[in-house]
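Structure first, commentary second.
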Amino acid sequence: MIIDFRVRPPFGGYLNTHMYRDRQRTAWMAGNLGHRPPRALAEASWSIFLEEFEAAGLDLAVVPGRRAEPSMGEVPNEDIARLVREGAGRFVGLAAVRQGTPEAADELEHAIRDLGLVGLALDPGYGDKPRYADDPVLKPIYDRARRLKIPVMITVSGNAGPDISHGNPVPVDRVAASYPDLQIVMAHGGWPWVPQSLGVAFRRPNVWILPDIYAVNMPGARDYVDAANGFLQDRILFGSSYPFLPLEGALSGYRALPFRQKVLEKVLGGNAARLLRLT
């Protein structure tokens, strides 16, 4: 099974995000990673994306919602639920909530209980105001996620906020320590603080690493591989961060890395299936 843990297709609210509004920058990012941009990006085409999905041989993709400040655009939970319904078993959805509001925890529960989403996606650096993962206003959200027994994906990288400090994994370490039974996925893998992020995962068994684009032709990629071939083999995930990488390009990039074969199978799908309780 191949599961891409971070995909933002040209569908619904995604089309209003910066990824599709500023297609030139998105294409520039793909080029910097050594790949041509996805075909579906230029035309913002859902049908072309589905062709790319089938051509890549994916079994499943995780699609996260987004509640962000206006320049980033928003992907409401209702759009994610519709994408999952119309995707014919190809997608599972992560909810997003409006951080710092009294109703955020109830918004999350509604998305899980009523809309059928399976986890939470947080972008602390892109909220109504930039935050770090351990900001006190997020505590009710983590409390509710723990009660619901769902995984939480937190975007952590030098590009995930107004300055590079939002890649520092120390706030995630504090959250993981406070919620040892909450499964936390670090999207973007804490890049460029790669060794430090892996250090957090080493000491916190509830932290998973999703390097996504930063494992493909980027400095620090070998550190992720070394960790995966050792202590992290059961808690590292594959993701394209589409549309910043084409689906096939992301897969070929991961397959070119020196993962041990059994580890690669876990990275490309086995670990995600277990985290999502598909097996």
Could you check how many residues of the range 235-279 are under 17 Å from ARG6 (Cβ atoms) and modelled with pLDDT under 95?
1
Restrict the check to the range 114-126 and report whether at least one residue is assigned to a helix (DSSP H, G or I), aliphatic (A, V, I, L, M) and farther than 25 Å from HIS166 by Cβ.
no
How many residues of the range 20-39 are small (Gly, Ala, Ser) and within 20 Å of the chain's Cα centre (by Cα)? The answer is 2
Could we say that LYS129 is out of contact with any helix residue (DSSP H, G or I) (no Cβ under 8 Å at 6 or more places or on another chain), of a type outside the set (Gly, Ala, Ser), at pLDDT 95 or above and surrounded by fewer than 24 Cβ atoms within 10 Å (Cβ to Cβ) here?
no
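Kindly provide the set of residues from the range 75-96 that are surrounded by 15 or more Cβ atoms within 10 Å (Cβ to Cβ), in a loop (DSSP other than H, G, I, E, B) and more than 15 Å from the chain's Cα centre (by Cα), ordered by number.
Passing the criteria: PRO76, GLY87, ARG90.
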Mind listing whichever residues of the range 198-227 are farther than 22 Å from ARG146 by Cα, without any contact (Cβ under 8 Å) to a residue 60 or more places away in the chain and in contact with a strand residue (DSSP E or B) (Cβ under 8 Å, 6 or more places away or on another chain)?
LEU198, PRO211, TYR224, ALA227
Considering each of ALA121, ALA88 in turn, give the residue that is aliphatic (A, V, I, L, M), within 20 Å of PRO9 (Cβ to Cβ) and in contact with a Gly (Cβ under 8 Å, 6 or more places away or on another chain).
ALA121
Can you pull out every residue in the range 147-164 that is outside any loop (DSSP other than H, G, I, E, B) and either closer than 10 Å to PRO192 by Cα or touching a residue at least 12 places away in the same chain (Cβ under 8 Å) (or both)?
LEU148, VAL152, MET153, ILE154, THR155, ILE164
Hey, does the range 49-60 have a residue that's surrounded by fewer than 16 Cβ atoms within 10 Å (Cβ to Cβ), in contact with a helix residue (DSSP H, G or I) (Cβ under 7 Å, 6 or more places away or on another chain) and part of a helix (DSSP H, G or I)?
yes
Quick check: anything in the range 97-105 surrounded by fewer than 17 Cβ atoms within 10 Å (Cβ to Cβ), in contact with a strand residue (DSSP E or B) (Cβ under 9 Å, 6 or more places away or on another chain) and outside any helix (DSSP H, G or I)?
no
Scanning the range 154-169 for residues that are of a type in the set (A, V, I, L, M, F, W, C) and buried (at least 20 other Cβ atoms within 10 Å of the Cβ) gives ILE154, VAL156, ALA160
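The values are calculated or read from the model by the stated rules, or taken from the named source; none is laboratory data. Computed from a prediction, not measured in an experiment: that's the story for all the values here. With ideal geometry, Cβ positions are generated from the backbone for all residues, glycine too; neighbour counts draw on all protein chains shown.
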